[in-house]
Amino acid sequence: MNALTPMNDSEQDSSPPPAAAPARRRPKIGRVLILLGVAAVVVASSGIWSRRTSDAKLEQWTRERAIPTVTIINPRPGGNSRELVLPGDVEAYYSAPIHAQVSGYVKTWRKDIGAQVKAGDILAEVDTPELDQQIAQAKEELAKAKSNQALAAITAKRWTALRSSNAVSQQAADEKEGDARAKDADVAAAQANVDRMKAQKDFANIVAPFDGVVTARNIDVGALVNPSTNGANSDLFSVADIHEMRVYVKVPQNYTAELHAGMTATLKLPQYPDRTLEATIATTSNSISKNSRSLLVELMAKNDDRALMPGAYAQISFNLPADTNTLRVPASALLFRDSSVEVATIGPDDKVVLKKIEIARDLGSEIEVARGVSADDRIIDGPSDSIDTGDQIKIKDAGANSAVSQTRPEGRVE
């Protein structure tokens, strides 16, 4: 068929589409690509926004978790009566270490430790042969002085008689009178020496100075004693009067104004844990020790049954009047910084405010505060060492408004 032969209808219907048909599908493909691009942008923007939101929530959650949760307490009034308990030393009413006054050897001792003695009772006897010889010599010197005195007296009398007849001069008679008086003085001196020796001999008997009990015996038969060795470790005996005891206690300066003579106290001894004894303040030293800043107080305690012993340790309890101006806080609420004691309180804006306090008394688990806080203060119990003024805190169990959720926010997906 040539090109000039006309085609019928059927031939025209079965012919291929014209070459311009593919060009009409290109706009549809472009729109699809645009939609895909828009979708990609939307997805990307959504991811970025989701990441930023997640980061913001995580940051907020981290800040909230960093805020400490604390327990608050309120100070309690300290108006109850106070008991001041202090250590004390028990001493005898009288106590005397007994030393030797003469040299010699112990001949015998009659009283041992624990013996009840009366004033003047012989505790021991000292053999003094050297002193005995000195006494014998002093007596002979006295006899000699008396002989010389007698001769001088007769001579002076004779010369006085001769002077009346002018047989001797007045000067010679006066000399004899003076010699007689000198011999009288020699006799007196010799007699005094004998008396001194006898007084020393009396010290050969070692006696108790007062009624009491022998608390120490440091000699035995045959031991050499010498007055020149007297010292803290050379006591022959020690005697104590324990019918009444003196109790000494050092009271801190803070409490000295509340103590006075006649005030009663109670004593407890380790060996009698279920027994309480009474004592009364007799006097004080009226002087504060520079070393301990305390006042030495002396109490008197009856000791009829000998329960108190010299040198014993005792706990002294003073019942002090109530101080209505103090407040009590737990010891766990204290902060020790820069040589001062502080407590952490919560201000109106729920932020920390540190306050310095003055401790009136340490009760162990509680502290009495003299000044620095008020009864309305909200005090943090058990604050951390790093807490400081202005820190934000959360109050434990303070209600839904102040509570912060402890649930971790949803994390981002990588």
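With respect to being within 22 Å of Gln133 (Cα to Cα), hydrophobic (A, V, I, L, M, F, W, C) and assigned by TED's automatic domain parsing to the domain that holds Glu125, Ala199 fits the description. Quick one: how many residues across region 161-193 are aliphatic (A, V, I, L, M) and either within 30 Å of Tyr94 (Cβ to Cβ) or crowded, with 18+ Cβ neighbours inside 10 Å (or both)? Here the count works out to 4.
In region 221-230, is there at least one residue being of a type outside the set (A, V, I, L, M, F, W, C), in contact (Cβ under 8 Å) with a residue 12 or more places away in the chain, on the phi > 0 side of the Ramachandran plot and touching a helix residue (DSSP H, G or I) at 6+ places or on another chain (Cβ under 7 Å)? No, that holds for no residue. Scanning region 263-281 for residues that are closer than 16 Å to Lys250 by Cα and exposed (fewer than 14 other Cβ atoms within 10 Å of the Cβ) yields one hit, Thr264.
So, Leu308, is that one surrounded by 14 or more Cβ atoms within 10 Å (Cβ to Cβ), at pLDDT 90 or above and in a loop (DSSP other than H, G, I, E, B) or not? The answer is yes for Leu308. Restricting the first member to region 307-322 and to residues that are more than 23 Å from Arg82 (Cβ to Cβ), and the second to residues that are surrounded by fewer than 16 Cβ atoms within 10 Å (Cβ to Cβ) and among the aromatic types (Phe, Trp, Tyr), the beta-carbon pairs closer than 7 Å and six or more apart or on different chains are Ala307/Tyr272. Candidates in region 329-354 are the residues that are charged (D, E, K, R) and surrounded by fewer than 18 Cβ atoms within 10 Å (Cβ to Cβ); of these, the one that is farthest from the chain's Cα centre (by Cα) is Asp349.
If a residue has to be crowded, with 17+ Cβ neighbours inside 10 Å and part of a helix (DSSP H, G or I) to count, how many in region 236-262 make the cut? So the count comes out to 1. Which residues, taken from region 88-143, are outside any loop (DSSP other than H, G, I, E, B) and within 13 Å of Ala223 (Cα to Cα)? Matches in region 88-143: Gly104, Tyr105, Val106, Lys107, Thr108, Trp109, Ala124, Glu125, Val126, Asp127. Of all residues in region 289-316, those being closer than 14 Å to Thr256 by Cα and touching a Ser or Thr at 6+ places or on another chain (Cβ under 7 Å) number 4.
The values are calculated or read from the model by the stated rules, or taken from the named source; none is laboratory data. Just so you know, these numbers come straight off a predicted model, no measurement behind them. Positions of Cβ are backbone-derived with ideal geometry, glycine not excepted, and every protein chain shown enters the neighbour counts.
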